[in-house]
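Only one structure is covered here, and it is reproduced in the block below.
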Amino acid sequence: MNKKTNKGKLKAGWLLVLAVAMLLTACSSNNGGNTQPSNSPTTNPPTENANANTDDVEVKEDPLKLDIMIAAFSTDLPDDNSPIIKALEEYTNTDVNVQFVPNSSYPDKVNITLVSGEIPHIMVVDRNSASFINAARAGAFWDVGPYLKDYPNLAQAHEVTLNNTSIDGKNYGIYRSRVLGRMGVTLNVDWMNNLGLSAPTTIDEFYNILKAFKEDDPDQNGKDDTYGIVVSKYSGPWDIMQVWFGAPNKWGEDENGQLLPTHMFPEYREALKFFRQLYEEGLVNEDFAVMDSAAWNDPFVNGKAGAFVDVADNARRLDNAMQEKAPRDTPYTDVFQAPVGPKGHRDMPTSGYNGMLAISKSSVKTEEELKRVLKFLDQLNDVEMKLLLERGVEGRHYEMVDGHIKSLINDDPALLKEIESLNQMLMYIGPEAPSIEQTPLNEKINAVQKANEEIVVGNPAEPLISEVYAQLGQQMDNIIADARIQYIVGQIDDAGLDAAIELWKKNGGDDYIAEINELYQQIK
Amino acid sequence: MNAAWIAKLKKDRFLYLLLLPGLLYFLVFKYAPMWGVLISFQNFQPFLGFWKSEWIGFTHFENFFAHPDFFRLLRNTLILGFYDLIFFFPAPIIIALLLNEIRLAYFKRWIQTLIYVPHFISMVIVASMTYVFLTTQDGLVNEIIFNLTGKKINFLADPSWFRPMIILQIMWKETGWGTIIFLAALASVDVEQYEAAIVDGASRFQRLIHITLPAISSVIVILLILRLGNFLDTGFEQIFLMTNSLNRTVADVFDTYVYFVGITQGAFSYSTAIGLFKSLVGIVLIYGSNWLAKRFGQEGIY
Amino acid sequence: MLSKHDSWHERFFDIFNYLFLILFALATVLPFVYIIAGSFATEAELAERSFFIFPRDISLSAYEYIFSSSTLFRSMGVSIYITIVGTITNLFFTLTMAYALSRKDLMGRNIVMNMVIFSMLFSGGMIPGYLVVKELGLVNTYAAVILPGAISAFNLIVIRNFFQNLPAGLEESARIDGCNDIGVLWRIVIPLSMPIIATFGLFYAVGHWNNFFSALLYLNDHNKWPLQVMLREIVMLSQLAIGDLNNVDPEFVEPPDQSVKMAVIIVGTIPILLVYPFLQKHFAKGALLGSIKG
């Protein structure tokens, strides 16, 4: 690395010499003394930290050198001397070099990294990205599947999720586990109390609540200025609610055992009729199709809308925002499980993971080394490491009070910087770490998410990788997504919806269905 | 080599020395990576790299031209390009000429400084603010329209408003910035010419036609030719942000399509092929318009 | 303000012109005023009011938050450094080449011009560009952010056109005084072209200031990131839908406050906004003439 930098400096220096020479020879009579160019491009700016941490001298017996690439969600990031990274290195006997990549440009950086051939030992990858799938198939990453059973924590990885994250039946990475049944219905508590409403258990009751929020003046200000549910340009709420009605989660089996996409099921149509009714009766914001997602929370927070269908934990965010306006002891929001629909109690799950940690073959060359790296990953799932990377160092970033975590960071930027984004390394497999003391609302959220695990509807095609979809997927998705919105706002009728589905089939949909079913038969 | 050449080379040796850094720059940073164009004939995969990726000839081009959406994308891109050329391109020139007629120096400076501010506001923010102003649900503009006419205009969802909205956004954001180059050109107009014209009794309009416009005409022609080279570039981010399910039929352009297939689906080769197609159109337009400009007695770009 | 020999319709035009420009300036600047106001407002007010010029309650919390960041001043220093060094580099490369190409008798000029135009339309793309920078050993140096953009073909072509239109006689007299071509450029052409150099210096400087992408691509060390990376990350993060699981993990990442987003925009924009007023004296009418006589 140093050598290469010198080469770059040499080149830049050469250009500088050229520049000076040109200026000096400019006029034969006299030279302009005040024209020295001040800097060369590679000179470090004065403000830069003395970050000369390049002494590769091995201190201990043999700490494993590891480059880890993860996404960063801030630019105030831990340096190598962060006490957390130090503690991590000590616990795992490694010499870790974390490479942070800002989240918004992560996919680009992954591609660049793949093409450059200098792949870090461990990197977080998106299992669905075409570049990763192709690289994995070309042998860029280790298939860790057969090894997992040898490690106490990794052995506890969930079979279903492992299957969902596999590529051609092989596990080219260890998934980062996330809450599976994350969705929930958030309602405005005051409005419910004002109108004497109780938790919605069926879709009809849910509809009645929305109706009452619109028509019965739930904020008791005597004005017709409220409505039911707020939805933005982001179509998540429609995806969730159609599952309530019995439509499959993306793919479902028909009576012949053939997989079909959700928009070809009658339940999908039922759900759309309901959505259309919501729109016609003004129970949803009329500008939902164009609403800026950044403003999605605002109508709820401002007391214009009273319902929110999304991740259950948004109840907390909404409450926080409302508390900021007018602090009080009790929460403004309450959160519930999905209402029961005609086909039973169903809800949309998440994929249950967010990316995977993949181990590169170009940096980890032998099986021996692979086992060391896996040991490191296994250790990351120890309670100690979960606490360390998520909460920090005890006594510095948090303290234990009655078995619960109490954070000591309190927005102190220096402490925050030491821990920022390090939780992106965690897989959350195996034993659970202590948590912060829960508010009643948080307990409710957790309870809803726990209970959801019983009712979530899996996507049978989740592990399948379709070539057709990789090529045409986005355009095909747009056809259906656009038709759904147009149907809801009344621009097209059932015939129009049928036409859109036909167009979808013609523009790759038929091939897609055939391919998915072929793949599905193989793994069945 | 004949002696006249060598004499010329020797005479201009300092000029060649001046040319050298720039030439080196183009060779190293523009032409050395030019092989990247060739991946449009491959099935390029980052991990395999250029040498190991599979060669597939013109398949991507065939797929692109045969794509059911091709003509819609082409149409949308062309229409947007024309709108941009007709409405946005002249805007900075007009504003610069209007500013040029202002005789209060401090007023002129203030206006200049204020109108170039939006250039620095990122498109994401512009899109958010557009939503806030134009939405039918309590949007500021629609409140006013509703109070005046009793109706609301669904600017954001109505396909017929999409193109005007895009052009207005870009005019709002970049007109002030665009005036800078014309103001610089106007700064090099000889004041004595104006003084002489005033003595001759020329009106302000005559001065505009006979002195000011000719002085900046070569800049206008150059910028126009260069703009034509990028005719099919509509910009990705703005269109992407303003697209929704209700206006997509008119909103889809090459650049958004490239984004979806290239970035989200990782089809590097395919998106490069589309880029290559756009570049070929651009080069034809540049050389064609340059030739035309020269026929009309203008300098052109070279 | 209005001169005596103006006719009535010229006066009418003047009044219209002033009014029109005032309206246009207001329309362009009001949203920015809203961003300034929003950066001083509370979250509650931002959620409630869609547009305002004066916040009801002034809150400095967004600025306190931003300025407490230890990286802010460092990344701003980086941005200033890249902007200054980058612009000097740009001007050096662009002016020398533009001048050489402006001389009509230069052999091979058309070949080079064609090369420049061609490169404007055809480019190898991100990946080959990265590999070149990597082969030169520039990854993780500021040179990687500055050198690959050393010349904008667009700017080069326009500057060359300006150089071509300079009065030829001046160069001749300089040559008689014993200057070679480099001397002519330095002593005559550049001083005569200050409005143009100021303009394109500004274009380059703003380009460097706003550039976050090459910094992300080439600078692995987060201590080297310029201000725009931070700005971009905050703006993008606040833009994500809450439940958009494909993009982000809101369980672990809280989107920043709206006021913080606005304050970051202000902090990231004001320094570069201040450059233009200082350059404006070069745009005054007759700047060229003055420099010839002076």
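The values are calculated or read from the model by the stated rules, or taken from the named source; none is laboratory data. Bear in mind the structure is a predicted one, so any value in this text is a computation, not a measurement. Every residue, glycine as well, gets a Cβ built from its backbone with ideal geometry; the counts of neighbours run over all protein chains shown. Ligands, DNA and RNA are stripped out before the accessible areas are found, and what is left, the full protein with its side chains, is counted by its heavy atoms. Shrake-Rupley method; radii C 1.70, N 1.55, O 1.52, S 1.80 Å.
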Counting only protein heavy atoms and leaving out ligands, DNA and RNA, the solvent-accessible surface of A:Phe265 at a 1.4 Å probe, in Å² to the nearest 10, equals 30
So how exposed is B:Phe41, as accessible area in Å² (1.4 Å probe, rounded to 10)?
40
Among C:Leu147, C:Leu21, C:Leu91: highest mean-square fluctuation, GNM of chain C, C-alpha pairs under 10 Å
C:Leu21
Delta accessible area of at least 50 Å² on complex formation, residues of region C:213-233, 1.4 Å probe, chain isolated as reference:
C:Leu216, C:Asn220, C:His222, C:Asn223, C:Trp225, C:Glu233
Roughly how many percent of the accessible protein surface of region C:70-293 is carbon and sulfur, given a 1.4 Å probe and a whole-percent answer?
65
Per the Kirkwood definition applied to all pairs of different Cα atoms, how many angstroms is the hydrodynamic radius of region B:58-149?
17.7
Where does region A:104-214 land on Rg(C-alpha)/(2.2 N^0.38 Å)?
1.70
Where does helix A:440-452 land angle-wise versus the long Cα axis of chain A, in degrees 0 to 90, nearest 10?
80
Label-point gap, in nm, between B:Leu224 and A:Asn221 - each point 7 angstrom along Cα→Cβ
5.5
Exposure rank, largest accessible area first [B:Glu299, C:Glu233, C:Glu172; 1.4 Å]
C:Glu172, B:Glu299, C:Glu233
Cα-based count: Lys pairs in region A:52-197 below 29 Å, eight or more positions apart or different chains?
9
Give me P(r) over region A:464-524, computed from all C-alpha to C-alpha distances, binned every 10 Å, as integer percentages.
23, 43, 25, 8, 0
Alpha carbon convex hull of chain B, projected area averaged over orientations, nm²:
24.5
Ignoring ligands and nucleic acids, what accessible area does A:Tyr91 show with a 1.4 Å probe (Å², nearest 10)?
80
Using alpha carbons only, what's the Rg to Rh ratio of region A:259-367 with Rh from Kirkwood?
1.12
If the cut-off is a Cα-Cα distance under 12 Å, which aspartates and glutamates reach B:Lys151, setting aside same-chain residues fewer than 8 apart in sequence?
B:Glu143
With just the Cα atoms defining each centre, how far is region A:182-200 from region A:471-491? Give it in Å.
31
One computes Rg over Rh for chain A from alpha-carbon atoms, with the Kirkwood Rh, and obtains 1.04
Add -39500 (n - 2.57) for each DSSP H run of 4 or more in chain C, then divide by its residues: what number comes out at 222 nm, to the nearest 500 deg cm²/dmol?
-20500 deg cm²/dmol
In nm, spacing of pseudo-spin labels at A:Asp254 and B:Ile79 (7 Å Cα→C-beta vector):
3.6
Taking a straight Cα-to-Cα line shorter than 16 Å from A:Lys214, and setting aside same-chain lysines fewer than 8 residues away, one finds A:Lys223, A:Lys304
If region C:8-59 were replaced by its equivalent ellipsoid, with semi-axes equal to the square roots of 5 times the Cα gyration tensor eigenvalues, what would those be, largest first, whole Å?
36, 8, 7
Could you please state, rounded to a whole Å, how far the C-alpha centre of region C:1-79 is from the C-alpha centre of region C:197-228?
24
Give the interface area between chains B and A as buried accessible surface, both sides summed, probe 1.4 Å, in Å² to the nearest 100.
3100
Could you work out the per residue convex hull volume over the alpha carbons of the protein assembly as shown, in cubic angstrom?
195
Taking R0 as 45 Å and r as the Cβ-Cβ distance between B:Leu213 and A:Asp412, the FRET efficiency 1/(1 + (r/R0)^6), rounded to the nearest 0.05, comes to 0.15
How far is helix A:510-523 tilted, in degrees, relative to the longest principal axis of the Cα atoms in chain A, given as a value from 0 to 90 rounded to the nearest 10?
80
Rg ratio (alpha-carbon, reference 2.2 N^0.38 Å) - region A:185-265
1.43
Cα-Cα separations in region B:125-191 greater than 14 Å, expressed as whole percent:
68
Rounded to the nearest 20 debye, what is the charge dipole size of the protein assembly as shown about its Cα centre when +1 sits on each Lys and Arg Cβ and -1 on each Asp and Glu Cβ?
5600
Overall dimensions of region C:44-191 as given by Cα atoms, namely Rg and Dmax in Å
23.3, 72
For the residue pair B:Trp110 and A:Lys273, what label-to-label distance in nm results when each label sits 7 Å from Cα along the Cα-to-beta-carbon direction?
6.4
Determine the total buried accessible area between chain C and chain B, counting protein heavy atoms only with a 1.4 Å probe; round to the nearest 100 Å².
8900
Cα-based reach from C:Lys104 at 21 Å (exclusive), listing lysines while leaving out same-chain residues under 8 positions away:
B:Lys8, B:Lys10, B:Lys11, B:Lys294
Mean-position separation - Cα centroids, region B:1-39 and region B:147-203, in angstrom:
40
dims of region C:115-154, Cα set, principal axes, largest to smallest, nearest Å -> 29, 17, 13
Summarise the accessible area of chain A (1.4 Å probe, protein heavy atoms) by the percent that is carbon and sulfur.
49
Using helices alone, what [θ] at 222 nm do you get for chain A, with -39,500 (n - 2.57) per DSSP H run of 4 or more residues, divided over all residues and rounded to the nearest 500?
-12000 deg cm²/dmol
Dimensions of chain C along principal axes (Cα, Å, largest first)?
72, 67, 32
Over all directions, what mean area does the Cα convex hull of region B:143-266 project, stated in square nanometres?
12.2
Determine the relative contact order of region A:297-444: mean sequence separation of Cα pairs under 8 Å and six or more apart, normalised by residue count, in whole percent.
20
Largest fluctuation, C:Arg49, C:Arg11, C:Arg74 only, Gaussian network model of chain C with Cα springs under 10 angstrom, belongs to C:Arg11
What is the helix-to-structure angle for A:314-325, meaning the angle in degrees between its Cα long axis and the longest Cα principal axis of chain A, kept from 0 to 90 and rounded to the nearest 10?
80
Give the interface area between chains C and A as buried accessible surface, both sides summed, probe 1.4 Å, in Å² to the nearest 100.
6400
When chain B is modelled as a GNM with alpha-carbon springs shorter than 10 Å, which of B:Leu224, B:Leu134, B:Leu148 fluctuates the most?
B:Leu148
